[in-house]
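Undergrad: Below are the C-alpha cells for one structure; questions will follow.
The values are calculated or read from the model by the stated rules, or taken from the named source; none is laboratory data. As the structure is a prediction and not an experimental result, all values here were calculated from the model. All Cβ positions, even for glycine, are placed from backbone atoms using ideal geometry, and neighbour counts span all protein chains on display. Note: accessible area is taken over every heavy atom of the protein model, side chains too, but ligands, DNA and RNA are not part of it. Shrake-Rupley method; radii C 1.70, N 1.55, O 1.52, S 1.80 Å.
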Amino acid sequence: MSAVRPELLKSQLFIAGEWRNASAASTFPVLNPATGKIIIEVADASVDDAGSAISAAAHAQAGWAAIPVQQRCHLLRKWFGLVTRCQRDLAHLLTLEQGKPLAEAEAEIAYGASYIDWFADEARRVYGDVIPPPDGGKRILTLKQPVGVVAAITPWNFPNAMLARKMAPALAAGCALVAKPAAETPLSALALAYLAQEAGIPDGVINVLPSTRSQALGEVFCHHPQVQKLSFTGSTAVGKQLISQIASQVKRISLELGGNAPFIVFEDADIDAAVSGAIASKFRNAGQTCVCANRFYVQRSIYEVFLGRLIAAVEKLHIGNGLEEGVNLGPLISPKAQQKVHDLVQAALSEGATLAYSQALSAGLVKQGYFYPAQILRDVPVNSVLASEEIFGPVVPLIAFDTEDEVLELANASDYGLASYAYTRDRTRCWRLSQQLQTGMLGLNTGVISNAMAPFGGVKQSGWGREGSKYGLDDYLSIKYICEDLDN
Ligand code: SIN
C-alpha cells in the first residue's frame, strides 16, 4: 500500500463533489485477490445514495453542457495529464484490488487515459449538418446534443479503462454521469473521480457509487426519470435484465456484454506469430477479458506443432502476486471465479478432452489467493461447454479442423459475436473471413485489437453500441432536426 499516494486511496462515495459516507453508514470490504486479505472498507451506497447522486448529476447537467467545448476539452486534457502522471500509483492500486500483474495494470492505466485523450479531441468534432431541402423556401439543419444524465455500470476486470471508456465520451458530449463500479474493484474508480476533481471538472458532473447492491442500483438507474441513458459492461445475463427494466421508459442503453472469441490458426499461418498472439489474447488479465480468445481452432496438419510451441510458451508464464517482479499471470478475481473455471475444465474432461498441460502451483499460492493454473486442453469436443461458455480463466481449449468452411461454421455457431481472431498468410482468405465471421471485431494475424481509436463492441448477444473511435460519441448524443420556413 505504501506505493500508493494516500490521497488516491478513497473509501467514500463521491457525490456532488463531496466525499460522503453511505447514508446507512454501511461499508463493505475490498479484498486483494492475490492474498484474500482486506485492503480497505468502502462505503456501500444504498438506493437513497443513488438518488442523491442522480440529483447531483441532474443539477450539474445543464451547466456542463453549456460550457464552451474548448473548455470541456481543456478540462479533459488536464484530467488526462493527471491520470498519466499518477500512472504508477493508479496501477499499484489496480493490482491490489484486481490482481493483474503490475505491468498489465500500468498498461491499463495508459489504455484508460487514451480514451480521455481521444475524446478530449472528439468533443470538438460534434458536427451538425445543413441538408439540402426537398423544395425551396426551407432550411434543414441538424444539431447533436448531449442525451443528458448517464448512468454507467462497470466491471471488475478493467476497473480503470472500462470506466474511462464511458466517462470520457459522456463528458466530451456534455453529459453528467453517475458511475457504479463493480463491488470487487471500486478503488480505481474513486481514484479516477478524485483526479477529475483535481483537474477542475465541476462538482456533480462525475459521481461514483461503490455498492454491493448491484441489482437495486441497476433498477434505480433504469427507472429514475432523471437518468436518460445507461451504459453497461458486464455479463449478457445482466444486460438482458437491464434491457427489460429500461424498456418501461424507453431510455437509451449501450451494452458491452459477453464474448466467446474464436482463435483460428490456418496451416499457412506463421505459427510462432500465432503462438505469441494466443498468449497475448488468452492470458491477458489471466483470461478474464471479454475479448480474449475463448476457443482455439487449429488446422489438423499443424495441430501438433502448434500445441507443442504453445506449451513451450505457456511454460514460461510466471504465476503469482502481480506486485512481484517477473509475475505475468495473476490470480482470478474470487473463489467463485476459481470454482467456475474448475467446473468448466472438469466438464470438458468428462466430455472427452485431455489435459495437455497444467501449470504447477506452489502450496503457498494455493493457500494464499484465488490462483488458477494455466492449462491447455486438447481434443476438446466442438460442442463442449468449455468452447461455448465464456471461460474467464487461463485455460486454452484446442479443437482441430480441416477446412475453411468447417471452421467458419464452427466459429459462427455461437450466440455471441464480440471478438474473433484468425492467423493466415492468405490475404484473400483474410478478406473472406472479414466478410463472413459474425463478429464486432476481428484480429487478423494479431491477438491485440483494443485501442481508443477503434470501435469496440459486438454483434448478436454481445451487445449494442460502440465505445471508442469516432462512433463512440454518438452513444451520448441525440440528433435534433430543425426545419425552418424561410418565407415566414
Ligand atoms: C473487456 O474485457 O470488456 C475489455 C477489454 C478491452 O477493452 O480490451
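Undergrad: Over what distance in Å are the Cα centres of the range 361-383 and the range 442-465 separated?
TA: Result: 27 Å between the Cα centres.
Undergrad: To continue, here is another question. Mind pulling up the Rg/Rh value for the chain? Radius of gyration and Kirkwood radius, both on Cα.
TA: Here Rg/Rh amounts to 1.00.
Undergrad: Can I ask one more? For 206, 482, 311, write out the residues from largest to smallest accessible area, computed with a 1.4 angstrom probe and no ligands counted.
TA: Ranking 206, 482, 311 by accessible area, largest first, yields 482, 311, 206.
Undergrad: If packing is taken as the average number of other Cβ atoms within 10 Å across a peptide's residues, how do 31-37, 345-351 rank, most packed first?
TA: Per-residue Cβ counts within 10 Å, averaged per peptide and sorted highest first, yield 31-37, 345-351.
Undergrad: In addition: Write down the accessible area per residue of the range 261-451 in Å², having rolled a 1.4 Å probe over the full set of protein chains.
TA: 40 Å²
Undergrad: Arrange the residues 481, 476 by how much accessible surface each exposes, largest first, with a 1.4 angstrom probe.
TA: If we order 481, 476 from most to least accessible, we get 481, 476.
Undergrad: Using a 1.4 angstrom probe and counting only protein chains, how large is the accessible area of residue 142 in Å², to 10?
TA: Approximately 20 Å² for this residue.
Undergrad: Sticking with this structure for a sec: Just for the chain, what percent of DSSP beta bridges are antiparallel, to the closest 5?
TA: 45 percent
Undergrad: Can you send over the carbon and sulfur percentage of the accessible area for the range 261-451, probe radius 1.4 Å, protein chains only?
TA: Accessible surface attributable to carbon and sulfur in the range 261-451 totals 50 percent.
Undergrad: Taking the Cα atoms only, what angle lies between the long axis of helix 47-66 and the longest principal axis of the chain, rounded to 10 degrees?
TA: It works out to around 60 degrees.
Undergrad: Which order do 135, 89 take when ranked by solvent-accessible area (1.4 Å probe, heavy atoms of all protein chains), largest first?
TA: The most accessible residue leads, giving 135, 89.
Undergrad: List, in the order given, every pair from 251/480; 180/470; 78/229; 180/229 whose Cα-Cα distance in the structure shown is over 19 Å.
TA: Long pairs (Cα-Cα over 19 Å): 180/470; 78/229.
Undergrad: At a Cα cut-off below 24 Å, give the lysines reachable from residue 367, other chains included and same-chain residues fewer than 8 away excluded.
TA: Leaving aside lysines fewer than 8 places away in the same chain, those within reach of residue 367 are 37, 100, 316, 336, 340.
Undergrad: Let me ask you something else. Post the alpha-carbon centroid distance, the range 17-47 to the range 52-96, in whole angstrom.
TA: The two parts, judged by their Cα centres, are 22 Å apart.
Undergrad: What 222 nm value per residue comes from the helices of the chain, counting each DSSP H run with n ≥ 4 as -39,500 (n - 2.57) and dividing by all residues, nearest 500 deg cm²/dmol?
TA: It comes out at -12000 deg cm²/dmol, rounded to the nearest 500.
Undergrad: So with the 1.4 Å probe, I'd like the accessible area per residue for the range 1-102, rounded to whole Å².
TA: Normalised by residue count, the accessible surface of the range 1-102 is 42 Å².
Undergrad: Towards the positive end of the charge dipole of the range 373-488, with charges on Cβ (+1 Lys, Arg; -1 Asp, Glu), say which of 394, 438, 469 has the farthest Cα.
TA: 394
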